[in-house]
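Engineer: Before anything else, here's the structure in question.
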Amino acid sequence: MTYSNPPIPKLPGYTVSLPQSLGDKRLAKNQTLGYINGYQREDALREVRDLPPRDATATASPTQQQSPEATGTFGHSKSGMFADSPSKLPQWVENDRKVLRFFGYFKEGVVESNIENHRVRKIILFYYLEDGSMHVAEPKQDNSGIPQGTFIKRHVFLKDDGVSSFTPQDFAVGECVSIYGRTFFLVDADPFTRQWYEDN
């Protein structure tokens with residue numbers, strides 16, 4: 001004796017809308033991760049390749065519009081959005097453990113003493129190339145009576161305008177850097193930092 005499944009009752013919430021032919025529909029998601037030189041990397045072009053440019057369709061005339069293959073999601077060219085070649089390592093891998101180190105000092109005003117007007121405090125400025133973060137440390141001196149160590153914790157420092165962040169081009173030996181209202185004078189750099197600036 002054979003049993004068949006009972007029909008689905010025609011009640012609200014029980015109806016099932018299926019495509020006409022499931023064989024004609026591709027329901028699987030495309031793979032967006034791949035391995036390049038042993039590291040995972042996402043292929044963003046697989047998701048935005050067929051989308052029209054966002055700003056070109058709104059502002060340009062039909063004759064000036066570019067094809068979806070020539071632009072990305074926001075109307076930028078492929079060479080602008082994805083300048084890296086597929087075989088090039090990501091920035092966080094290529095610049096892993098690469099740190100620019102500058103030596104300098106800043107002047108701190110002294111108001112509680114009539115012997116000195118200001119005090120010079122040495123600092124070491126670290127710039128991490130992998131993510132653009134920085135931190136400032138002060139070498140510890142025994143019996144100095146001043147809290148020393150990490151002066152500013154590691155994060156992405158913003159410039160005085162509050163919008164843009166620091167880049168390696170903002171630092172040079174002999175120049176001054178203003179961070180959070182305090183002026184740091186850079187007087188030296190380690191050999192790796194000098195070599196990196198010569199190569200780049």
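Nothing in this text is a laboratory measurement; each read-out follows from the coordinates by a stated rule. On a predicted model such as this, the values are computed, not experimentally measured, just so you know. All Cβ positions, even for glycine, are placed from backbone atoms using ideal geometry, and neighbour counts span all protein chains on display.
Engineer: Please list, by residue number, everything in the range 106-127 whose backbone N is under 19 Å from a paramagnetic label point 7 Å out along Cα→Cβ of residue 188.
Structural biologist: Flagged as within label range: 106-107, 120-127.
Engineer: Let me ask you something else. Summing +1 for each Lys or Arg and -1 for each Asp or Glu, what net charge is found among the other residues whose Cβ lies under 11 Å from the Cβ of residue 96?
Structural biologist: Working: positive: 97, 98; negative: 94, 130, 131.
Charge balance in the 11 Å sphere: -1.
Engineer: Tabulate in residue order the Karplus-calculated ³J(HN,Hα) for the range 164-179, using 6.51 cos²θ - 1.76 cosθ + 1.60 with θ = phi - 60°, rounded to whole Hz; enter x for Gly and Pro.
Structural biologist: Taking θ as phi minus 60°, the curve returns 7, 9, 6, 10, x, 6, 7, 10, 7, 5, x, 9, 10, 10, 9, 10 Hz for the range 164-179.
Engineer: Count charges around residue 150 for me, please; just the other residues with Cβ under 11 Å from its Cβ, Lys/Arg as +1, Asp/Glu as -1. List each step's numbers first, then the result.
Structural biologist: On the way: positive: 140, 153, 154; negative: 138.
Taking every other residue near residue 150 into account, the sum is +2.
Engineer: Related question: How much FRET efficiency would the formula 1/(1 + (r/R0)^6) give for residue 198 and residue 35, where r is the Cβ-Cβ distance and R0 is 45 Å, rounded to 0.05? Please list the in-between numbers first.
Structural biologist: Values: r = 33 Å, r/R0 = 0.74.
The computed FRET efficiency comes out at 0.85.
Engineer: Sticking with this structure for a sec: Please give the net charge around residue 189, taking every other residue with its beta carbon less than 12 angstrom from that of residue 189, where Lys and Arg add +1 and Asp and Glu add -1. Intermediate values should be presented prior to the final figure.
Structural biologist: Working: positive: 101, 194; negative: 175, 188, 190, 198.
Once positives and negatives cancel, what remains is -2.
Engineer: Do any chymotrypsin sites (Phe, Trp or Tyr not before Pro) in the range 115-200 lie in a DSSP loop with no more than 12 other beta carbon atoms within 10 Å, and if so, which?
Structural biologist: Passing both the DSSP loop test and the Cβ count: 180.
Engineer: A further question follows. Let's test the formula: R0 of 25 Å, r as the Cβ-Cβ distance of residue 165 and residue 103. What FRET efficiency results, to the nearest 0.05? Numbers along the way, then the final one.
Structural biologist: On the way: r = 22 Å, r/R0 = 0.88.
E(calc), rounded to 0.05, equals 0.70.
Engineer: Pick out, in residue order, every one of the GluC sites (Glu not before Pro) in the range 112-200 that is DSSP loop and has at most 15 other C-beta atoms within 10 Å; say none if there are none. Walk me through the numbers on the way to the answer.
Structural biologist: Values: sites: 112, 116, 130, 175, 198; in loops: 112, 116, 130, 175.
Sparse-neighbourhood loop GluC sites (Glu not before Pro): 112, 116, 130, 175.
Engineer: Enumerate the amide H contacts of residue 187 below 5 Å, restricted to partners 5 or more residues apart or on another chain; note that Pro and chain-start residues carry no placed amide H.
Structural biologist: Amide H neighbours of residue 187, under 5 Å, 5+ apart: 103, 104, 105, 174.
Engineer: Treat each spin label as a single point 7 Å out from the Cα along the C-beta direction, and report the residue 10 to residue 158 distance in nm.
Structural biologist: Distance between label points: 6.2 nm.
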